[in-house]
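Structure first, commentary second.
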Amino acid sequence: MQLDFFPSRTLTLYLAKMFVVRIVAVLVMLVLVLLALDLLSATGKILEAAGNGQAEIMRYAGLRLPQLVSRFLPYSVLLATLITLVTLNQNSEVVAMKAAGLSAHQVLFPLLLTAAVVSLLSFAFNERVVTRANASLKAWESVQYGPIPATEAGGTSVRSNVYLTDGPNILSAATLMGTGDDIVLSNVTWYERTPSGIIRQQVRSARATYAAPGWRLEQPQRFDVAGAISETLPPLVVGEGLTPDRIMLQSVDPDAQSFWELGATIDAFDAAGRNTDEMRAKWWHRLSGPLSALLMPLLGSIAAFGLARSGQLFVRAIIGMALGFAYFVVDNAALAMGSFGGYPPLLAAWAPFFLFLLLGETVLIRTEE
C-alpha cells in the first residue's frame, strides 16, 4: 500500500469537487422532500392557534430545516459516496487510476478528506444553529404554537416540558422562564399520588411562582379522582421540596445546549450527586455523530472497485448502502443503551464508530489485495 496520499493535485481536486456537488445535491433533495412531508403533518396544528398564518408556517419550516440538515447530512454523504464511486467505476476512471499505479486508499483519500471537512462543518453547524433551533422549536411546541411568553429581564431562554418529582408527587409544566426565585412556570399540573403511585388528585393552573418554600398555583382547578369532583380553589402552595436550584437541574434539555454548556451541566449534576449517564452519552455523541460522515466513503468504497462489466456493480452498491445504514442502526441502538445505563457513555458513543471504521478498512484492504 502506497503512503503518498496526494499523487496528483489535479486528481484530488477533481474527485473532491465531484463529491461535494453530489453531497449538496442529495442533501437538498432529501431535506426538501422531508420538510414538505413534515409541513403536511404540522400545518394543521400550527394554524389551530389563534392568529397564526403563513408567517408562522414559514417560521416552523425555518426551525425544522436545521434539524433535518443535521440529521440527514451523514445519509447524504453515504448516498453521494455511492453515486460518485459507481459513476467513476462505470466510466472506467477507477481502472485508469489503478493502471496509473494508484492504490485503493489513494483513490479514496480525496473523498475521505472532503468528508472530514464536512464533519467539521457539521459539528460547527450543530453547535451554533441546531441547538438554538431545538430550544426555540420545543418552547413553541409546548405552548401549542401560540405566543411564547417573554422572559423577564435577566432571565434565560424558555425551557419546555419540565417534569419534576417531589416524593411520590409530580409537578409538570409546559414552560419555564427566569432563574432562581424569579422562575415562572406556565401550564402547570400537580399530581398528588399515594406511596404506591396511584393518583389521588390533580391540580391544574395556568401559572406558578416560587413561594419559598413551594410553588404557588394561581387560580388552581382541582380534580379529585376518587370522587370525580372538579372544583376551583384559592391560590395553593405545592411541592415544598422543590427548590429553584433543583428545578434548574431537572429541567435541562441536552439537545438545546451546546457542547461546552452541556459539559458544564454534567459537572453541576455530578456535584449534586445526580446520574449523568444519559447526558454523558449525548455529550460524547456530539463528537462521534458528526464524524459519521468520515466513515461513509470508507463503507461505500466497495462500490468503486471491481469491473463494471462483470455485472456485480449493482450488488456492490447495495452492499455499500447496507453497510452505511447498518452503522446508523447500530449507532442509534448503542446511544439508546447508553442513555439508560446499559452501556458506559463513552462506549455507547464511540464503539459503533470504531467498529465500522475497522470493518470499512478491512473491506478496503481486501479489495486492494
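Some observations on this one:
- When the chain is described by a simple charge dipole with +1 on each Lys and Arg Cβ and -1 on each Asp and Glu Cβ, the residue from T179, A348, L242 located farthest towards its positive end is A348.
- Each of I302, I229, I46 was scored by other Cβ atoms within 10 Å of its Cβ. Arranged with the fewest first, they read I229, I46, I302.
- Alpha-carbon centroid distance for the pair region 319-347 / region 6-43, whole angstrom: 24
- The slack between W260 and I57, meaning 0.36 nm per residue of separation minus the straight C-alpha distance, is 69.9 nm.
- The fewest-to-most ranking of F353, F340 by surrounding Cβ atoms within 10 Å reads F340, F353.
- Gain in span if fully extended, R200 to V95, counting 0.36 nm per residue against the direct Cα distance: 30.3 nm
- Span-rule helices in the chain, defined as complete DSSP H runs reaching 20 Å or more along the axis (Cα) with Kyte mean at least 1.0: 9-48, 104-125, 313-339, 345-368
- Helix-only [θ]222 nm of the chain, DSSP H runs n ≥ 4, -39500 (n - 2.57) each, per residue, nearest 500: -19500 deg cm²/dmol
- Within the chain: Cβ-based charge dipole about Cα centre, in debye rounded to nearest 20 (Lys, Arg +1; Asp, Glu -1): 960
- Straight-distance crosslink candidates among lysines, where the alpha carbon sits under 21 Å from K17 and sequence neighbours closer than 8 are dropped: K98
- Exposure proxy ranking, count of Cβ atoms within 10 Å, fewest first, for F305, F19, F125: F125, F305, F19
Throughout, read-outs are computed from the coordinates displayed, never taken from laboratory work. Please read all numbers here as calculations on a predicted model, not as lab measurements. Counting neighbours? That spans all protein chains shown, and the Cβs are built from the backbone with ideal geometry, glycine included.
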